[in-house]
Structures are given as structure tokens and as C-alpha cells.
Amino acid sequence: MKTILTNIARYQGVESASLVSLDGVLVLTADGDESADASTHLSDHDVQPIQTLAALASGWVGQIIRAVGQLSWNGPYRYVLKATEKTLVVHVFGSSFLLLVIEPEVDPEVTRALMDQAVQQFMGHMQLGGGQDLGSQAQADAHYPQGLFPSQTPPSTGALAPDGSISESAGEG
């Protein structure tokens with residue numbers, strides 16, 4: 001997984017690429033100044049600003065998800081924050097997100113395909129490590145749209161009974 005981030009960080013204009021959990025914990029990071037050797041490790045002094053940025057980006061992503069996530073079937077997954085010195089690009093997937101710090105002259109849309117490919121690779125690694133049940137569950141839920149509120153699952157067939165359970169025979173008579 002480190003090589004995925006290192007490959008992204010090698011692109012011109014990318015200062016760093018990081019994998020961060022949604023709760024703000026920095027999982028992996030690759031600096032754009034690193035050499036082709038993937039075994040180089042950043043010191044604690046070098047990682048501290050990236051950890052702080054990861055925590056701040058996690059709070060920012062959380063606020064956006066809470067503010068606009070319930071306005072559509074599928075919540076937003078890609079965020080761009082442009083500043084005068086750097087641009088942050090975030091791609092949320094699962095319980096993590098990919099965070100790129102890029103130079104301001106680089107168009108964030110140029111990184112879209114690169115980030116999509118990296119997320120596909122990360123998801124492949126996660127599915128291999130997490131077992132085969134993830135794919136079968138996704139296929140089982142594929143024919144139902146996501147609920148209005150992201151934390152709620154859509155009801156199965158039948159009517160909602162007064163006690164909150166689903167009644168298969170409701171409405172038949």
C-alpha cells in the first residue's frame with residue numbers, strides 16, 4: 001500500500017499523498033520529495049505536520065458529510081480546498097480517505113483519474129485482507145437504493161408495523 005502512495009507522490013506538483021482514517025488517524029504517507037526507494041521513512045519531526053493536517057482534514061470532511069451528505073442518495077466523496085500556497089484534494093472511500101497536497105498551479109481535476117485508480121487498488125487490498133464477504137454483501141444490497149439518511153438501510157418488502165418491525169403480509173386482505 002505504501003508503493004501506491006509513493007507512486008502518486010512522484011507526480012509533478014504533488015507534495016504528499018496520505019491515507020487517513022475518517023477519525024483523523026494517519027495510516028500511511030508518502031512525501032513528494034522521497035526518492036524512488038520506498039523504504040525511506042519519515043522521522044517523527046517530518047510526520048507531525050502531516051498528522052496535524054490529517055486530523056484537520058478529517059474534521060473538515062466530517063463537517064461536509066454532516067452538512068450535505070443527507071441531500072443526495074450518495075454522499076459526496078471528492079473534496080477540493082484551494083488556498084494560495086497549496087491545494088488539498090480528498091477522495092473518501094469506505095472508512096478512510098486519500099489526501100493529496102498539491103501545488104496551486106496543478107488543476108485538481110488532473111488528479112481525479114490518479115486518485116480513482118489508487119482508491120481501486122486500496123479497496124482491492126482491503127477486500128483481500130477483510131475476507132470475501134464484502135463483495136457478496138455489496139451484490140446483495142445493489143438492487144436497493146441507499147436510504148435517505150446514509151446511516152439507515154432501506155426497508156425490505158412489506159409494510160412498517162406500528163412496533164417498527166416489517167410485516168410481510170401487511171396490505172393483503
Q | Largest-first principal axis extents of the Cα set of the stretch 2-127 (Å) | A | 44, 38, 28
**Q.** Solvent-accessible area, 1.4 Å probe, carbon plus sulfur percent, for the stretch 2-127
**A.** 55 percent
Q. Heavy-atom accessible area per residue, the stretch 2-127, 1.4 Å probe: how many Å²?
A. 55 Å²
Q. Taking 0.36 nm per residue of separation and subtracting the Cα-Cα distance, what length does fully extending Val68 through Lys2 add?
A. 20.6 nm
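The values are calculated or read from the model by the stated rules, or taken from the named source; none is laboratory data. No experiment lies behind these values; they were computed from the predicted model shown. When the accessible area is computed, the model is the full protein with side chains, heavy atoms only, and any ligands, DNA or RNA have been set aside. Shrake-Rupley method; radii C 1.70, N 1.55, O 1.52, S 1.80 Å.
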